[in-house]
């Protein structure tokens with residue numbers, strides 16, 4: 001069975017970066033899904049698509065995958081780029097020629 005280990009992105013609806021310091025292990029299995037004939041809901045034979053395990057560190061997630069015989073892929077995210085700015089930069093005059101570059 002295959003798994004993906006990644007750090008979740010920050011919630012775009014919130015300004016904070018809460019719950020982004022954990023590592024998540026999810027199964028990356030191709031699950032055959034089909035609509036049920038009775039009510040039209042989508043169903044599958046496997047429940048692994050509903051499993052999402054959270055770990056405090058990447059090493060703990062990798063150890064869990066190794067102990068359970070899972071082939072895993074670590075998806076790394078890019079580092080957050082912080083551009084230091086002052087409040088006065090919002091009102092600074094920049095000539096048109098310089099701002100077009």
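Give the residues of region 44-65 that are exposed (fewer than 11 other Cβ atoms within 10 Å of the Cβ) and modelled with pLDDT of 80 or more, sorted by residue number. Let's see the steps before the verdict.
We begin by selecting, within region 44-65, every residue exposed (fewer than 11 other Cβ atoms within 10 Å of the Cβ); these are 45, 47, 50, 52, 56, 59.
The answer is 47, 50, 52, 56, 59.
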Heads up, the strands (runs of 3 or more DSSP E) in region 3-53 (entirely inside) with at least 2 residues that are touching a helix residue (DSSP H, G or I) at 6+ places or on another chain (Cβ under 9 Å) are 23-27
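If we keep just the residues of region 1-16 that are free of Cβ contacts under 8 Å to residues at least 60 places away in the same chain and surrounded by 11 or more Cβ atoms within 10 Å (Cβ to Cβ), which is farthest from residue 78 (Cα to Cα)? I'd like the intermediate steps shown before the answer.
Of the residues in region 1-16, the ones free of Cβ contacts under 8 Å to residues at least 60 places away in the same chain are 8, 10-16.
Next cut, surrounded by 11 or more Cβ atoms within 10 Å (Cβ to Cβ) only: 8, 10-11.
Working: 8: 12, 10: 12, 11: 16 Å.
Within region 1-16, the match that is farthest from residue 78 (Cα to Cα) is 11.
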Tell me, please, whether a residue that is surrounded by 10 or more Cβ atoms within 10 Å (Cβ to Cβ), without any contact (Cβ under 8 Å) to a residue 24 or more places away in the chain and not in a loop (DSSP other than H, G, I, E, B) can be found in region 66-79.
yes
Within region 17-43, the residues that are surrounded by 10 or more Cβ atoms within 10 Å (Cβ to Cβ), more than 12 Å from the chain's Cα centre (by Cα) and modelled with pLDDT under 80 are 17, 29, 31
Original post:
Is it true that some residue in region 23-43 is within 30 Å of residue 81 (Cβ to Cβ), in contact (Cβ under 8 Å) with a residue 60 or more places away in the chain and in contact with a strand residue (DSSP E or B) (Cβ under 9 Å, 6 or more places away or on another chain)?
Top reply: no
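The values are calculated or read from the model by the stated rules, or taken from the named source; none is laboratory data. No experiment lies behind these values; they were computed from the predicted model shown. Cβ sites come from the backbone with ideal geometry, for glycine too, and all protein chains shown count toward neighbours.
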